[in-house]
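J.: Here's a structure for you.
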Amino acid sequence: MLVPFQRREGSAKIAVSSVGHRYESVEALKNINIDIHAGQFVCLLGPSGCGKSTLLYALAGHFVPSGGHIAIDGHPVDGPSPQRLLMFQEPALFPWLTVKQNLKFGLRAKGLSRSEAERLALEYITLVHLEGFADALPHQLSGGMRMRVSLARALSMDPAVLLMDEPFAPLDAQTRGHMHQLLQSIWMKTRKTVVFVTHNVREALVLGDRVVVMANRPGRILRDLEVRLPRPRDPDDEKLVEMSRQIRDELKNAELAGQPIEAPENPNPAAKAGGNGRQPDRNPTGDIPRGIVGPVGARR
Ligand SMILES: Nc1ncnc2c1ncn2[C@@H]1O[C@H](COP(=O)(O)OP(=O)(O)O)[C@@H](O)[C@H]1O
Ligand SMILES: [Mg+2]
């Protein structure tokens, strides 16, 4: 059911070749090769510490990795650019500006006239269903609503590539589910190129049309998969749940393979043998189980 991603003809929007990166003794990334094409929604999925954020920040141009090349539209990435917008968990809004003013600020800075900025701000506020909150201040909104403002602001800047680092992780499950539906519907309309980092398997399968599965020590690509499920996707869809179980088993096996001695037996041999012996889903949230989340060195 999990189809390996087929390499495509034509030039890639984002070309990552032989990228490696070390932080002193930690090999955060090793030999990363990915070609991302325009309009793809790619999820980078893996346990904590496998180098997802490091790779995303390298794409954003926030630092130069110690080895390999990254090019966007054929040009080497040598610094941050408004064409590659990075969104974090914490919606970065100006607290003293209203929702509309927050959007207009970026649009005016881009050189748009007052009236064009006003029109676009309202258009994107509508896109994220926040009509009626245009004049609210960020502190008057819920966490999910602030995230929607942040998303509207990022989209209104019309970047060539949207880079998202676990943006919905702090939201409660229900709000996160709403954000998944919203992001899917916006992506179907705009077909932006998105690279979305997550450690949640279900989230990756709901959002991505491609899921790049990464593993730890060294940070590397384990699988590059195409998700052939119709949209909008339901996280409880039977096929999606089954795919999520397979990916979690693969990640678990990769983790066990990295531990030479005393590796426990795979508790779910049926899944390993091809998945015909269906087992109840022991992880309904889709988070990668804690046991396989490697120790993460403190970020300095
Ligand atoms: N600035 C840093 N200095 C030293 N080690 C770092 C730094 N940033 C990340 N690391 C280490 O690099 C590895 C990958 O980190 P990161 O890219 O943040 O992983 P992820 O986003 O997948 O959780 C981890 O082991 C982490 O501790
Ligand atoms: Mg991270």
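J.: With the structure loaded, tell me whether Glu123 is touching a helix residue (DSSP H, G or I) at 6+ places or on another chain (Cβ under 9 Å) and within 16 Å of ligand 1 (Cβ to nearest atom) or whether it fails that test. Working first, answer last.
T.: Details: touching a helix residue (DSSP H, G or I) at 6+ places or on another chain (Cβ under 9 Å): yes; within 16 Å of ligand 1 (Cβ to nearest atom): no.
It is false that Glu123 is touching a helix residue (DSSP H, G or I) at 6+ places or on another chain (Cβ under 9 Å) and within 16 Å of ligand 1 (Cβ to nearest atom).
J.: Restricting attention to the stretch 191-204, does a residue exist that is away from ligand 1 (no atom under 15 Å from the Cβ), of a type in the set (Gly, Ala, Ser) and closer than 30 Å to Val128 by Cα? Spell out the reasoning first.
T.: Residues of the stretch 191-204 away from ligand 1 (no atom under 15 Å from the Cβ): 191-194, 202.
Going one step further and asking which of them are of a type in the set (Gly, Ala, Ser), we end up with none.
So far as the stretch 191-204 goes, no, none of its residues is away from ligand 1 (no atom under 15 Å from the Cβ), of a type in the set (Gly, Ala, Ser) and closer than 30 Å to Val128 by Cα.
J.: Mind listing whichever residues of the stretch 58-71 are among the aliphatic types (A, V, I, L, M) and either within 16 Å of Met164 (Cβ to Cβ) or touching a helix residue (DSSP H, G or I) at 6+ places or on another chain (Cβ under 7 Å) (or both)?
T.: Let us first name the residues in the stretch 58-71 that are among the aliphatic types (A, V, I, L, M), namely 58-60, 64, 70-71.
The answer is Ala58, Leu59, Ala60, Ile70.
J.: Using the structure shown, decide if Ala12 is farther than 21 Å from Arg202 by Cα and modelled with pLDDT under 95. First the steps, then the outcome.
T.: Working: farther than 21 Å from Arg202 by Cα: yes; modelled with pLDDT under 95: yes.
When the stated conditions are applied, Ala12 passes them.
J.: OK, next. More than 22 Å from Ile36 (Cβ to Cβ) and either within 17 Å of the chain's Cα centre (by Cα) or among the small types (Gly, Ala, Ser) (or both), is that true of Ser185? Quick ask: steps written out before the conclusion?
T.: Numbers: more than 22 Å from Ile36 (Cβ to Cβ): no; either within 17 Å of the chain's Cα centre (by Cα) or among the small types (Gly, Ala, Ser) (or both): yes.
No.
J.: Also, quick follow-up: Picking from Ala169, Ala173, which residue would you name as being surrounded by fewer than 18 Cβ atoms within 10 Å (Cβ to Cβ), aliphatic (A, V, I, L, M) and within 16 Å of ligand 2 (Cβ to nearest atom)?
T.: Residue meeting the stated conditions: Ala169.
J.: Moving on to the next point. Just checking, which of Cys50, Cys43 is assigned to a strand (DSSP E or B) and either in the same structural domain as Arg228 (by TED's automatic domain parsing) or buried (at least 20 other Cβ atoms within 10 Å of the Cβ) (or both)?
T.: Numbers: Cys50 fails: assigned to a strand (DSSP E or B).
None of the others qualify; the one that does is Cys43.
J.: Across the stretch 53-70, which residue is nearest to Pro218 (Cα to Cα) among those that are in a loop (DSSP other than H, G, I, E, B) and within 15 Å of ligand 2 (Cβ to nearest atom)?
T.: From the stretch 53-70, those in a loop (DSSP other than H, G, I, E, B) are 61-66; that's our starting set.
This time we only want the ones that are within 15 Å of ligand 2 (Cβ to nearest atom), so: 62-63.
Details: His62: 21, Phe63: 19 Å.
Here the answer is Phe63.
J.: Quick check: is even one residue across the stretch 108-130 more than 16 Å from ligand 2 (Cβ to nearest atom), assigned by TED's automatic domain parsing to the domain that holds Leu29, within 20 Å of Arg231 (Cα to Cα) and assigned to a loop (DSSP other than H, G, I, E, B)? Step through it out loud before you land on a result.
T.: Of all residues in the stretch 108-130, those more than 16 Å from ligand 2 (Cβ to nearest atom) come to 108-130.
Imposing the further condition that a residue be assigned by TED's automatic domain parsing to the domain that holds Leu29 reduces the set to none.
Within the stretch 108-130, not a single residue is more than 16 Å from ligand 2 (Cβ to nearest atom), assigned by TED's automatic domain parsing to the domain that holds Leu29, within 20 Å of Arg231 (Cα to Cα) and assigned to a loop (DSSP other than H, G, I, E, B).
J.: Which of the residues belonging to the stretch 163-190 are within 14 Å of ligand 1 (Cβ to nearest atom) and in contact with a Ser or Thr (Cβ under 9 Å, 6 or more places away or on another chain)?
T.: First pass over the stretch 163-190, keeping only residues within 14 Å of ligand 1 (Cβ to nearest atom): 163-167, 169.
Within the stretch 163-190, Met164, Asp165, Glu166, Pro167, Ala169 meet the criteria.
J.: Still on this structure, I have one more. Could we say that Gly132 is on the phi > 0 side of the Ramachandran plot and surrounded by fewer than 22 Cβ atoms within 10 Å (Cβ to Cβ) here?
T.: Working: on the phi > 0 side of the Ramachandran plot: yes; surrounded by fewer than 22 Cβ atoms within 10 Å (Cβ to Cβ): yes.
When the stated conditions are applied, Gly132 passes them.
J.: Also, I was wondering about something else. Just to be sure I understand the filter: pairs with C-beta atoms under 6 Å, separated by 6 or more residues or on different chains, first member in the stretch 173-186 and assigned by TED's automatic domain parsing to the domain that holds Asn200 and in contact (Cβ under 8 Å) with a residue 24 or more places away in the chain, second member of a type outside the set (Val, Ile, Thr) and assigned to a helix (DSSP H, G or I). Which pairs pass?
T.: Filtered contacts from the stretch 173-186: Thr175/Gly144.
J.: Can you find, within the stretch 135-166, the residue that is surrounded by the fewest Cβ atoms within 10 Å (Cβ to Cβ) among those that are in a helix (DSSP H, G or I) and small (Gly, Ala, Ser)? Before the answer, list the steps.
T.: At the first step, the residues of the stretch 135-166 found to be in a helix (DSSP H, G or I) are 138-140, 143-156.
Remaining after also requiring small (Gly, Ala, Ser): 143-144, 150, 152, 154, 156.
Details: Gly143: 14, Gly144: 18, Ser150: 21, Ala152: 24, Ala154: 23, Ser156: 23.
Looking at the filtered set, the residue picked out is Gly143.
J.: Continuing with this model, one more query. Glu203 fails exactly one of the following numbered conditions: (1) over 15 Å from the mean Cα position of the chain (by Cα); (2) of a type in the set (D, E, K, R); (3) within 16 Å of ligand 2 (Cβ to nearest atom); (4) surrounded by 21 or more Cβ atoms within 10 Å (Cβ to Cβ). What is the number of that condition?
T.: In the conditions (1) over 15 Å from the mean Cα position of the chain (by Cα); (2) of a type in the set (D, E, K, R); (3) within 16 Å of ligand 2 (Cβ to nearest atom); (4) surrounded by 21 or more Cβ atoms within 10 Å (Cβ to Cβ), Glu203 misses (1) alone.
The values are calculated or read from the model by the stated rules, or taken from the named source; none is laboratory data. None of these values were measured; they are calculated from a predicted model. Every residue, glycine among them, receives a Cβ derived from its backbone with ideal geometry; neighbour counts consider all protein chains shown.
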